[in-house]
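The values are calculated or read from the model by the stated rules, or taken from the named source; none is laboratory data. Just so it is clear, the model here is predicted, and its values are computed rather than measured. So basically every Cβ, Gly included, is an ideal-geometry build from the backbone, and we count neighbours across all protein chains shown.
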Amino acid sequence: MESKRSTRLLAAAVAMSQIGAMTRAPLIRHPNTPSTITRVEVEVSRPAPRVLSLRYVLADPNGSLVVPLPASGARKDDLWKRTCFEAFICVPESDAYYELNLSPSTEWAAYRFDGFRAGMAMAAGAVTPQLEWIRTCDGYDLRALADLSGLVGLPEGSPWRLGLTAVIEDRPDQLSYWALTHPPGVQDFHNADGWTAEV
């Protein structure tokens, strides 16, 4: 058991160091959620003190990804029920955090939590992120630029701790869950033990 835990922590540390160097890091599929998607990777950076840049790269050799239809880029709830890319954002040592949902449809959502799944509310001050969904030779590429300067509790002079995740639908109503690391037990992106990146 300890060996598995050490391996998991080592993988998380490697992923975090790769992100710190602004290179691509793999997302790991939760073992209880099968998928035909072969690879999901993420790149992240802070090009300005309160701006988050994200790029999710997905390999879909079988063409099985269920892609939400293009939309107007509006704010919308329940995006995580379909293919959706997410970022959980907080400052170290804080219980409060934000959840950012980014859909290939260009719809988006942002929520604030006071603590673990507690006090959920629309994130006041969130503005529409720039989203681009690109078909590539072997899959898809989602690029996002999110100005978070209107969000309370994310100071520009502090490092941000991140959980970087994806919900992937590769056949109707079959979802798989991907993250930099998964804490033991059932899949739960809100578990801060899985937030292993920092920018």
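Quick look at the values:
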item: Test result for Ala109, at pLDDT 95 or above and under 16 Å from Leu27 (Cβ atoms); result: no
item: The listed residue being among the aliphatic types (A, V, I, L, M) and without any contact (Cβ under 8 Å) to a residue 40 or more places away in the chain, out of Ala121, Ala96; result: Ala121
item: Test: Thr165 is β-branched (Val, Ile, Thr), surrounded by 18 or more Cβ atoms within 10 Å (Cβ to Cβ) and either in contact (Cβ under 8 Å) with a residue 24 or more places away in the chain or touching a Phe, Trp or Tyr at 6+ places or on another chain (Cβ under 9 Å) (or both); result: yes
item: Residues of segment 148-186 that turn out to be in a loop (DSSP other than H, G, I, E, B), in contact with a Ser or Thr (Cβ under 9 Å, 6 or more places away or on another chain) and modelled with pLDDT under 95, as a count; result: 2
item: Matching residues, segment 21-43, being under 15 Å from the mean Cα position of the chain (by Cα) and either part of a strand (DSSP E or B) or without any contact (Cβ under 8 Å) to a residue 12 or more places away in the chain (or both); result: Ala25, Pro26, Leu27, Ile28, Arg29, Arg39, Val40, Glu41, Val42, Glu43
item: Residue check, Pro68 within 18 Å of the chain's Cα centre (by Cα), surrounded by fewer than 21 Cβ atoms within 10 Å (Cβ to Cβ) and within 13 Å of Glu169 (Cβ to Cβ); result: yes
item: Answer residue from segment 109-162, given it is within 30 Å of Ser64 (Cα to Cα) and over 16 Å from the mean Cα position of the chain (by Cα) and is surrounded by the fewest Cβ atoms within 10 Å (Cβ to Cβ) among those; result: Cys137
item: Sole residue being at pLDDT 95 or above, under 16 Å from Tyr177 (Cβ atoms) and buried (at least 20 other Cβ atoms within 10 Å of the Cβ), chosen from Arg29, Arg39; result: Arg29
item: Any hit, segment 85-106, residues being buried (at least 18 other Cβ atoms within 10 Å of the Cβ) and on the phi > 0 side of the Ramachandran plot; result: yes
item: Where a residue in segment 187-199 is in contact (Cβ under 8 Å) with a residue 12 or more places away in the chain and surrounded by 18 or more Cβ atoms within 10 Å (Cβ to Cβ) and its partner, wherever it lies, is among the basic types (Lys, Arg) and outside any loop (DSSP other than H, G, I, E, B), with Cβ under 6 Å and at least six apart; result: Trp195/Arg161
item: Hits in segment 44-96 - residues which are assigned to a strand (DSSP E or B) and polar (S, T, N, Q); result: Ser45, Ser53
item: Among residues of segment 97-145, those that are under 18 Å from Trp195 (Cα atoms) and assigned to a strand (DSSP E or B), counted; result: 12
